[in-house]
Amino acid sequence: MDSQRPESGPEGAPPGRWAPGTPERTDGAALQRALAEAIDASDPREVPARLCRACVDNLDITGASVSLSGGSGLRALWWSSDTVAGQLAEAQYTLGDGPCQSALSLVAPVLANDLGSGPDAERWPVFAQRAVELGVRAVFSLPLGSEALAIGTLDLYRSRPGPLSARDMSFAFPAGDAITFALLRLQADDASGADERAASWLGAAEEEHQEVYYATGMIMMRFQEGSSYALARLRAYAFAEGRTVTEVARDVIARRVTLDE
């Protein structure tokens, strides 16, 4: 089910994860303590990563990542818990499709319970195939920002299908809200010039955006088309070559690739 907070879900988990009756995993107060400890950082730049780690440690998920949106479908991966989480984010960035892209456009949670079959696999067929190849069966994307505008997403993934339980959702949504607050605080510091560290942090997070921006601009000039067409052409080439859109953008800038064909 997309764009809804589920009322209930399976409470079991595979070996090595929390299970019903385990106090440190099921106690609501323990979850709140984990959330509070993650937020309690003197440096706001640490908060998103700490909250992601708290999600991985306390929820029935395999991994997590936070991505920032640069508009026009461009994204920068800021933090990922593991290699698969990073590859999953890059796959959606390259394809311009997937749960996190839908969450950005809808500004609403998108919960893909089974990418191996059924409606979720049919909604994003190419991304779903890539996700399954990576060993991912479920993805839960929560938009970061306001009700009107998403500035990024918190993406949780799991290696087996099934919805998030009500217990896990009760932790994931506050974690997403806290990440939003931390990012907005950083942006405010950057805009006011109050914190040079915030400016350098945001600049580093958006560095890979710039490569795609530059490459998209070069394609626009070459083919006299709009930015949407240029980005789609870049993504199509990357997909056909089995590469990431960031890698192809670097080759376009270096004029090793022209996209004439």
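The values are calculated or read from the model by the stated rules, or taken from the named source; none is laboratory data. Computed from a predicted structure; not experimentally measured. All Cβ positions, glycine included, derive from the backbone under ideal geometry; neighbour counts span all protein chains shown.
Determine the pairs where a residue that is among the acidic types (Asp, Glu), located within segment 90-112, has a partner that is in a helix (DSSP H, G or I) and crowded, with 24+ Cβ neighbours inside 10 Å with Cβ atoms under 6 Å apart, the partner being 6 or more residues away or on another chain.
Final answer for the pair search is Asp97/Phe127.
I'd like to verify a number: residues in segment 77-110 that are farther than 16 Å from Leu144 by Cβ, surrounded by fewer than 24 Cβ atoms within 10 Å (Cβ to Cβ) and not polar (S, T, N, Q), how many?
8
Can you tell me which residues in segment 237-258 are in a loop (DSSP other than H, G, I, E, B) and either over 20 Å from the mean Cα position of the chain (by Cα) or β-branched (Val, Ile, Thr) (or both)?
Gly242, Thr244, Ala254, Arg255, Arg256, Val257, Thr258
Residue by residue, here is whether (1) at pLDDT 75 or above; (2) farther than 27 Å from Ile39 by Cα; (3) out of contact with any Pro (no Cβ under 7 Å at 6 or more places or on another chain); (4) not assigned by TED's automatic domain parsing to the domain that holds Glu46 holds:
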| site | (1), (2), (3), (4) |
| --- | --- |
| Ala148 | yes, no, yes, no |
| Gly152 | yes, no, yes, no |
| Leu156 | yes, no, yes, no |
| Ser165 | yes, no, no, no |
| Pro174 | yes, no, yes, no |
| Leu184 | yes, no, yes, no |
| Ala198 | no, no, yes, yes |
| Thr216 | yes, yes, yes, yes |
| Leu231 | yes, yes, yes, yes |
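State which residue pairs qualify: first residue without any contact (Cβ under 8 Å) to a residue 24 or more places away in the chain and inside segment 242-261, second residue among the charged types (D, E, K, R) in any location, beta carbons under 7 Å apart, and separation of 6 or more residues or different chains.
Listed pairs, sorted by first residue: Val257/Asp251.
Quick check on Glu261: is it outside any loop (DSSP other than H, G, I, E, B) and modelled with pLDDT under 80?
Details: outside any loop (DSSP other than H, G, I, E, B): no; modelled with pLDDT under 80: yes.
Judged against the criteria, Glu261 is not a match.
Being closer than 20 Å to Arg158 by Cβ, β-branched (Val, Ile, Thr) and either in a helix (DSSP H, G or I) or modelled with pLDDT under 80 (or both) is the filter here; which residues of segment 28-77 pass it?
Once the filter is applied, which keeps residues that are closer than 20 Å to Arg158 by Cβ, β-branched (Val, Ile, Thr) and either in a helix (DSSP H, G or I) or modelled with pLDDT under 80 (or both), segment 28-77 yields only Val56.
Quick test for you: out of Ser117, Ser141, pick the one residue that is over 14 Å from the mean Cα position of the chain (by Cα), of a type outside the set (Lys, Arg) and either over 21 Å from Ala236 (Cα atoms) or not assigned by TED's automatic domain parsing to the domain that holds Ser69 (or both). Before you say what the answer is, go through the steps one by one.
Details: Ser141 fails: over 14 Å from the mean Cα position of the chain (by Cα).
None of the other options fit; the residue is Ser117.
For segment 119-144, name all the residues that are without any contact (Cβ under 8 Å) to a residue 40 or more places away in the chain and assigned to a strand (DSSP E or B).
The answer is Ala138, Leu142.
Considering each residue of segment 92-118, count those that are outside any loop (DSSP other than H, G, I, E, B) and not aromatic (Phe, Trp, Tyr), and give that number. Spell out how you get there, then give the answer.
First, the residues of segment 92-118 that are outside any loop (DSSP other than H, G, I, E, B): 92-95, 99-106, 110-112, 118.
Narrowing further to those that are not aromatic (Phe, Trp, Tyr): 92, 94-95, 99-106, 110-112, 118.
Summing the residues that are outside any loop (DSSP other than H, G, I, E, B) and not aromatic (Phe, Trp, Tyr) in segment 92-118 gives 15.
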